[in-house]
Amino acid sequence: MQQNNMAERVRAFKAAGVDIRDENSVYIDDGAEIAAGVVIWPNNHIYGNTKIGAGTVIEPNNVIYDSDIGENCCVLASVMKGAKLGRNVSVGPNAYLREKSEVGDDCRVGDFVEIKNAVIGAGTKIAHLTYIGDADVGKNCNFGCGVVFANYDGKNKYRTTVGDECFIGSNCNLVAPLNVESGAFVAAGTTVTKEVKKDTFVIGRVRQQESETLKRRFIPWRKKGEKHA
């Protein structure tokens with residue numbers, strides 16, 4: 001009976017103008033609202049009270065729960081749970097948008113990005129391998145690869161605020177509670193633990209050094225017969 005109901009729902013959405021490319025590999029709950037003109041590729045699961053706006057393309061291999069996806073978005077091979085997307089947002093592949101995630105218009109959420117309980121301003125780009133948790137991020141920011149919002153100290157969770165037009169370089173850690181004001185530039189490899197003022201350039205790295213002692217100890221292609229230090 002349930003399978004028959006599912007087939008009827010899929011046919012009803014198709015009749016209403018939703019382009020479902022493979023009826024046999026798509027699951028849609030009866031609480032879903034999907035606008036005409038949406039394209040749904042094979043192997044998608046849409047649960048709960050999910051809403052999908054016109055012009056959006058749901059590419060293959062997504063699992064979407066109780067989420068609100070705006071118009072002209074593209075979501076690929078990702079998981080969304082209680083998340084909200086504005087217009088013209090690109091998500092995935094392999095992104096994870098958790099509860100209370102809100103992504104503004106014209107944003108990019110790339111591969112292996114996780115967002116949780118965070119608001120992302122319009123035009124912000126989060127390309128890959130980044131975790132943003134418990135945060136408010138402004139407009140037109142750019143996050144490099146491997147950025148981590150360190151929101152948990154083992155006992156409590158804290159919030160981070162990032163202003164508009166900030167650049168956060170690759171492999172940076174933002175340790176909450178923290179405020180990074182608009183226009184800040186945080187260089188790659190920096191761990192930020194205190195407030196960053198507007199239009200400030202921040203860099204925090206150990207100066208690069210070379211060690212012959214450690215070279216002999218750790219490099220596996222050292223000369224045959226050479227002993228550890």
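Expressed in nm to one decimal, what extension gain is obtained for the pair residue 33 and residue 9 from 0.36 nm per residue of sequence separation less their Cα-Cα distance?
7.5 nm
The accessible surface of the chain, taken with every protein chain in place and a 1.4 Å probe, is 50 percent carbon and sulfur. Judged by the gyration tensor of its Cα atoms, with axes a ≥ b ≥ c, the stretch 34-93 is rounded; a/c sits under the 1.5 cut.
With a 1.4 Å probe and every protein chain left in place, work out the accessible area per residue of the chain in Å², rounded to a whole number.
Spelled out: the 1.4 Å probe surface of the chain, per residue, equals 54 Å².
With respect to the chain, whose longest principal axis is taken over its alpha-carbon atoms, helix 2-15 is tilted by about 90°. For residue 43 and residue 125, what does the FRET efficiency come to when R0 = 25 Å and r is the distance between their Cβ atoms, rounded to the nearest 0.05? E(calc), rounded to 0.05, equals 0.35. In the frame of its principal axes, the chain has Cα extents of 73, 50, 32 Å, reported largest first. In the chain, excluding the sites themselves, the longest stretch lacking any of the GluC sites (Glu not before Pro) that are in a DSSP loop with at most 11 other Cβ atoms within 10 Å is 1-209. For the chain, the Cβ-based charge dipole about the Cα centre amounts to some 1480 debye (Lys, Arg positive; Asp, Glu negative; other atoms uncharged).
Over the residues of the chain, the helix contribution to mean residue ellipticity at 222 nm works out to -2500 deg cm²/dmol, using -39500 (n - 2.57) for each DSSP H run of at least 4. Using +1 at the Cβ of each Lys and Arg and -1 at the Cβ of each Asp and Glu in the stretch 78-178, identify which of 97, 147, 112 lies farthest towards the dipole's positive end. Projecting each Cα onto the dipole axis, the largest value belongs to 97.
The values are calculated or read from the model by the stated rules, or taken from the named source; none is laboratory data. The model shown is predicted, which means the values in this text are computed figures rather than measured ones. Counting neighbours? That spans all protein chains shown, and the Cβs are built from the backbone with ideal geometry, glycine included. Just so you know, the surface numbers come from the protein's heavy atoms only, side chains and all, with ligands and any DNA or RNA stripped out. Shrake-Rupley method; radii C 1.70, N 1.55, O 1.52, S 1.80 Å.
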